[in-house]
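Structure first, then comments.
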Amino acid sequence: MAANEEIRNDYRLARERMVRNQLIPRGIRDQRVLDVMAKVPRHLFVEEALLGEAYNDHPLPIGHGQTISQPYIVALMTEALLLRGTEKVLEIGTGSGYQTAILANLSERVFTVERIRPLMVKARTTLESLGYTNVLFKAFDGTLGWKEFEPFDAILVTAGAPDFPQPLLSQLAEGGRLVIPVGSRFNQELVRVFRKEGDFIKDNLGGCRFVDLIGAHGWKD
């Protein structure tokens, strides 16, 4: 067996262990989410020095004070969006692009916003190299959403906010789902918001800890 094939097999086995040991025992049940978590090469979204930790059960730094989330949190937030493959999804906080890749596999189109341009450029390069063609990128204040393409069937926020940004609520389609960590800078609750007949119905998914959502409707620098 060639060395490159051995390495690919090692990473494939690492992904399978990640799904089997980290996701299923914690209650991730959506088979589409489990399948895509076992498919997307997470190691390509981390720094070279951290390749050996790519599939471990914790977040990893990606530079600029940001992180790639723990695999379980990625799966939990994705599952909470209830994606079926036809949705237009807004992601706030592109980061490494790993969560973006997961969403792109499970929806029709992803619109992803990142305020730190070097992160956005790197993520776009990685995703394009992997053949993703259903992702649109923007370097912008994510708390303002992406009004030109509203409404969105699902919105995912990958940073902790002090409250629910009004622009994101406004850009959520009827029947849409918003998943966002809300709370203090040190501790948040992961909340899913359904928009139903103009009302916003909130569903608490448990405690979490994310980097700060910075912007006009988030934390200030």
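Just to check your reading of the model, which residue among Thr67, Thr133 is in contact (Cβ under 8 Å) with a residue 40 or more places away in the chain and of a type in the set (Val, Ile, Thr)?
On the way: Thr133 fails: in contact (Cβ under 8 Å) with a residue 40 or more places away in the chain.
Of the residues listed, the single one that is in contact (Cβ under 8 Å) with a residue 40 or more places away in the chain and of a type in the set (Val, Ile, Thr) is Thr67.
Quick one: what pairs do we get from the stretch 169-181, first residue closer than 13 Å to Glu91 by Cα, second in a helix (DSSP H, G or I) and open to solvent by 10 Å² or more (accessible area, probe 1.4 Å), C-beta under 8 Å, 6+ apart or different chains?
Here the result reads Gln171/Lys147; Leu178/Leu169, each pair linking the stretch 169-181 to a residue that is in a helix (DSSP H, G or I) and open to solvent by 10 Å² or more (accessible area, probe 1.4 Å).
May I ask you to list the residues in the stretch 187-221 that are exposed (fewer than 11 other Cβ atoms within 10 Å of the Cβ), modelled with pLDDT under 85 and of a type outside the set (Gly, Ala, Ser)?
Correct list: Lys220, Asp221.
What are the residues in the stretch 32-49 that are open to solvent by 30 Å² or more (accessible area, probe 1.4 Å) and closer than 16 Å to Asn9 by Cβ, if any? Explain how you work it out, then say what you get.
Step one: filter the stretch 32-49 for residues open to solvent by 30 Å² or more (accessible area, probe 1.4 Å), giving 32, 35, 38-39, 44, 47-49.
Within the stretch 32-49, Ala38, Lys39, Leu44 meet the criteria.
A quick yes/no check of all residues on (1) out of contact with any Asp or Glu (no Cβ under 6 Å at 6 or more places or on another chain); (2) part of a helix (DSSP H, G or I):
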| position | (1), (2) |
| --- | --- |
| Arg12 | yes, yes |
| Val19 | yes, yes |
| Gln22 | no, yes |
| Ala75 | yes, yes |
| Glu79 | no, yes |
| Thr86 | no, no |
| Gln99 | yes, yes |
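Identify all residues within the stretch 187-212 that are farther than 20 Å from Ile68 by Cβ and not in a strand (DSSP E or B); write none if there are none.
Asn187, Glu197, Gly198
What number goes with the only condition from (1) surrounded by 20 or more Cβ atoms within 10 Å (Cβ to Cβ); (2) in contact with a Lys or Arg (Cβ under 7 Å, 6 or more places away or on another chain); (3) not aliphatic (A, V, I, L, M) that Lys88 does not pass?
(1)
Of these, Arg32, Arg42, Arg8, Arg26, which one is over 17 Å from the mean Cα position of the chain (by Cα) and modelled with pLDDT of 95 or more?
Working: Arg32 fails: over 17 Å from the mean Cα position of the chain (by Cα); Arg42 fails: over 17 Å from the mean Cα position of the chain (by Cα); Arg8 fails: modelled with pLDDT of 95 or more.
After ruling out the rest, the residue left standing is Arg26.
Give Glu79, Glu91 a once-over and let me know the one that is in contact with a strand residue (DSSP E or B) (Cβ under 7 Å, 6 or more places away or on another chain) and among the charged types (D, E, K, R). Outline the logic, then answer.
Values: Glu79 fails: in contact with a strand residue (DSSP E or B) (Cβ under 7 Å, 6 or more places away or on another chain).
Result: Glu91 is the single residue among Glu79, Glu91 that is in contact with a strand residue (DSSP E or B) (Cβ under 7 Å, 6 or more places away or on another chain) and among the charged types (D, E, K, R).
The values are calculated or read from the model by the stated rules, or taken from the named source; none is laboratory data. These numbers were taken from a predicted model, which means no experiment stands behind them. We place every Cβ from the backbone using ideal geometry, glycine too, and count neighbours over all the protein chains shown. Just the protein is used for accessible areas: all its heavy atoms, side chains included, with ligands, DNA and RNA removed. Shrake-Rupley method; radii C 1.70, N 1.55, O 1.52, S 1.80 Å.
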